[in-house]
Every structure is written in C-alpha cells, then in structure tokens.
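Here's the structure we're looking at; comments come further down.
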C-alpha cells in the first residue's frame with residue numbers, strides 16, 4: 001500500500017506523539033542523589049533512558065580512568081563505549097553490557113560517596129560572558145570565550161552535563177551561597193603517559209605509561225572520511241593551556257563572510273576548548289571542545305577532540321618530545337595492537353574523589369610537563385572544526401530513546417543565573 005501525503009503526514013504525527021509520550025513517561029521518572037547512592041546491579045544491563053544506576057556507573061567509570069564523557073545518567077553511545085573500554089582494560093569479553101563481572105570490578109571505585117554537596121562561591125559566578133557568537137569576527141572582539149553560566153562552569157568542574165545539574169537540583173537557582181548536589185568524580189590522575197593510541201574505529205584515546213599499563217581511556221571526536229585524522233606515529237611537541245586561535249581563511253575553511261585573519265581569544269568555549277596538545281604532524285593536535293556532550297555526534301576536520309577536563313588531565317601527563325601518538329587505521333582497534341591484555345590501574349591509584357576541591361590549573365601540572373601559551377600563529381590550521389554529524393562508532397549500538405531524551409531536554413530546564421556581559 002502506498003501512503004498518500006496526507007496519510008504519510010498523519011503517520012508521522014502519530015509516531016511523533018508516541019515518541020513524545022514515551023519521552024514524557026521516561027523523563028517523569030525522577031530520581032535524586034539518594035537513589036544514585038543506593039543504585040546497584042540487578043542482573044541486567046543498564047536500563048534505557050535516564051537512570052540512577054547509569055549515573056552511578058558513569059561516576060565509577062570516570063574514577064577508574066575510563067572516561068564516559070559527560071555524566072548525565074543516560075544510557076547512550078558514550079556510556080556503552082566506556083563500558084567496552086573498561087572491559088578491554090580488564091581483559092573481559094567486550095560487549096558494552098553491564099554484567100556481574102563489570103560491576104564487581106567497578107565496586108572498588110565506590111568506597112567514597114558517588115555524589116557530594118557543593119556550595120556555590122562568588123568566584124563561580126565571576127568571569128561569565130552573556131553568550132558566544134557564532135560569527136568569528138564577533139568572537140575576535142571578545143576578551144575571552146568564557147563560560148556562559150554557572151551551570152556550564154560547574155558542569156565542567158564535576159564532569160556533568162549542565163542539564164543533569166538542574167535535574168538533580170530542581171528549583172534551585174545556581175547563585176552564590178546555594179548548596180547543590182553534584183557528582184563526585186576522581187581527582188585528575190597523576191602519572192606520566194609515554195604512549196597515546198588513537199582508535200578511529202571506536203573513537204577512544206588511550207594513554208599508557210612506560211611500563212605499558214593503560215592509565216587513561218577517553219571518548220573522542222576524530223576526523224571524517226572527507227577530512228580524516230592523520231595516520232602513523234607522531235610525537236607531542238608542545239602543550240598550550242588556555243590557547244588562543246588564529247583564523248586564516250587562506251589555510252582554514254572560510255567561516256561566513258570572514259575573509260581576513262582573526263585572532264580568537266582563549267577560553268573554554270573557544271574553538272579548541274581550553275587545551276591544545278600540539279603534535280609533530282603539522283597543524284594537528286589533541287584538544288578540548290566547547291560541546292562535550294557532542295563528542296559522538298560530530299566529526300572533526302582531522303584533529304582529536306576530548307572533553308576539556310579529559311584534555312587537561314592528559315596534558316598534565318604527557319611530555320613534549322617523549323610521548324608518542326599513534327593513529328590506528330580504520331578497522332584496527334586498541335585491542336588489536338595491545339593484544340587485549342589487562343591494563344588496569346589499582347583502584348587505590350585512581351579512586352580518590354575530588355568532591356568540591358577539584359582544580360584545573362596549569363600549576364597542577366607535573367614538573368615534566370611544559371605548559372605554555374602558544375602564539376596565535378602556532379594554532380591556526382585544521383583546529384576550528386565545524387560540527388559534522390556522525391554516526392556512533394561501529395562497535396556501539398545507540399540507545400535511540402536515551403539519545404533522543406538527552407538531546408530533547410530543553411535549556412529551559414537549567415535554572416537561570418546572572419551572567420556578566422560579553423567581553424569587548
């Protein structure tokens with residue numbers, strides 16, 4: 001039977017209403033930090049949608065050094081990817097499913113509370129900008145591409161999606177003096193990474209120490225078929241914390257009507273986030289992103305994007321001139337080149353929670369790290385990456401409901417906070 005346009009429209013509307021009803025029912029299942037603390041493995045995989053158990057597992061994965069990206073309580077592509085990476089590190093069968101073996105190995109990271117109270121300070125509300133313009137000429141007029149809200153700033157500090165902060169703190173305005181509930185991820189891992197492997201197939205970035213032990217494993221955005229990430233082996237050359245960025249239409253893509261060289265100021269919402277790890281392959285690097293929840297949604301122009309907090313942690317562990325960076329060819333995975341041998345750090349090494357004291361400053365870098373601010377001309381090519389939609393990694397089967405709900409929650413769910421004016 002061939003549907004006429006009117007019938008097709010009616011069918012689409014019916015489907016949309018059904019999806020909306022499912023979303024409403026799923027989002028109506030509220031939970032708080034008490035439920036997160038009490039959540040436990042019940043013999044089956046993570047539930048679809050948003051759940052206390054998924055939030056708890058995400059925090060435990062974060063503490064293990066296997067980053068789930070943003071902590072948001074949703075079972076989605078990045079959560080499954082992190083479980084797969086954790087299984088690979090532990091030498092377990094890799095299927096991305098929460099089972100008894102995975103749960104038992106996560107429990108050593110649960111010795112401290114999964115969530116904590118945090119009292120917002122005046123410093124948290126300082127240095128905000130009203131908005132981040134899309135146009136690069138307007139960006140260049142700003143003093144900094146800073147956070148646009150207290151929610152965004154705290155989200156990066158506690159590795160959380162801004163909307164999840166609002167979800168756990170309904171009706172609470174994020175203003176100085178307010179005490180809120182937040183996740184308690186691990187403090188930045190202190191180790192020296194001598195080898196980085198970038199897996200284009202699973203979109204994971206793994207760091208190893210000199211003994212061959214995997215120290216960290218992060219989700220990443222990599223290049224597309226049209227603008228691929230490089231191949232082969234390279235080295236870390238320089239580290240730039242809070243870098244600016246030079247837009248040059250002669251060597252970059254052309255953005256809008258901008259045909260002149262522009263210097264884009266630094267900030268967490270800058271084109272490369274707040275970290276740039278420069279590679280020996282000219283114009284390529286590993287860097288942060290202003291949109292951490294979109295790592296598996298977008299593709300890059302060849303560079304490797306991490307969340308700002310993962311990029312900062314990695315920058316504090318690599319050593320210029322020493323750390324090697326290996327880009328695997330599509331179809332070749334980390335397990336293929338490492339043999340899938342267990343490479344877990346002891347829980348005692350990584351499970352110390354940071355609670356409200358987490359800091360992300362250049363002064364926290366080990367002495368072996370050379371942290372500099374590169375001149376604008378040094379960061380200019382193939383680093384500002386227009387978002388290109390991408391499917392999930394081949395090894396990850398998306399939970400369509402979870403992804404839809406995560407993207408569907410409106411920014412209106414975030415409590416309004418006072419912001420400063422945009423830099424001039």
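The values are calculated or read from the model by the stated rules, or taken from the named source; none is laboratory data. What you are looking at is a predicted structure, and each value in this text was computed from that prediction instead of being measured. Reconstructed Cβ throughout: ideal geometry from the backbone, glycine too, with neighbour counts over all protein chains shown.
Figures for the structure shown
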{"quantity": "Any chance residue 144 is modelled with pLDDT of 95 or more and closer than 24 Å to residue 241 by Cα", "calculated": "yes"}
{"quantity": "Test: residue 236 is surrounded by 19 or more Cβ atoms within 10 Å (Cβ to Cβ), under 27 Å from residue 159 (Cβ atoms) and at pLDDT 95 or above", "calculated": "yes"}
{"quantity": "Subset of region 261-288 (residues that are touching a residue at least 24 places away in the same chain (Cβ under 8 Å) and over 21 Å from the mean Cα position of the chain (by Cα))", "calculated": "262, 263, 264, 265, 280, 281, 282, 283"}
{"quantity": "Any hit, region 126-135, residues being under 23 Å from the mean Cα position of the chain (by Cα), closer than 30 Å to residue 197 by Cβ and not in a strand (DSSP E or B)", "calculated": "no"}
{"quantity": "Flag for residue 323 being crowded, with 18+ Cβ neighbours inside 10 Å and within 19 Å of the chain's Cα centre (by Cα)", "calculated": "no"}
{"quantity": "Residue match in region 284-292 (condition: outside any loop (DSSP other than H, G, I, E, B), out of contact with any strand residue (DSSP E or B) (no Cβ under 7 Å at 6 or more places or on another chain) and modelled with pLDDT under 95)", "calculated": "yes"}
{"quantity": "Some residue of region 75-95 being at positive phi and either at pLDDT 95 or above or part of a loop (DSSP other than H, G, I, E, B) (or both)", "calculated": "yes"}
{"quantity": "Yes/no for residue 246 being in a strand (DSSP E or B) and modelled with pLDDT under 90", "calculated": "yes"}
{"quantity": "Selection status of residue 308, within 19 Å of the chain's Cα centre (by Cα) and either surrounded by fewer than 24 Cβ atoms within 10 Å (Cβ to Cβ) or closer than 20 Å to residue 129 by Cβ (or both)", "calculated": "yes"}
{"quantity": "Check on residue 264, under 30 Å from residue 131 (Cβ atoms) and either surrounded by fewer than 19 Cβ atoms within 10 Å (Cβ to Cβ) or in contact with a helix residue (DSSP H, G or I) (Cβ under 9 Å, 6 or more places away or on another chain) (or both)", "calculated": "yes"}
{"quantity": "Residue check, residue 337 modelled with pLDDT under 95 and closer than 30 Å to residue 143 by Cβ", "calculated": "no"}
{"quantity": "Failed criterion for residue 142 (all others in (1) in contact (Cβ under 8 Å) with a residue 60 or more places away in the chain; (2) in contact with a strand residue (DSSP E or B) (Cβ under 9 Å, 6 or more places away or on another chain); (3) closer than 14 Å to residue 182 by Cα hold)", "calculated": "(3)"}
{"quantity": "Identity of the residue in region 50-67, part of a loop (DSSP other than H, G, I, E, B) and touching a strand residue (DSSP E or B) at 6+ places or on another chain (Cβ under 7 Å), that ends up surrounded by the fewest Cβ atoms within 10 Å (Cβ to Cβ)", "calculated": "65"}
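This table checks each residue for (1) touching a residue at least 40 places away in the same chain (Cβ under 8 Å); (2) in contact with a strand residue (DSSP E or B) (Cβ under 7 Å, 6 or more places away or on another chain); (3) over 17 Å from residue 55 (Cβ atoms).
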site: 70; (1), (2), (3): yes, yes, no
site: 73; (1), (2), (3): yes, yes, no
site: 80; (1), (2), (3): yes, no, no
site: 83; (1), (2), (3): no, no, no
site: 88; (1), (2), (3): yes, no, yes
site: 97; (1), (2), (3): yes, no, yes
site: 121; (1), (2), (3): yes, no, yes
site: 130; (1), (2), (3): yes, no, yes
site: 136; (1), (2), (3): yes, yes, yes
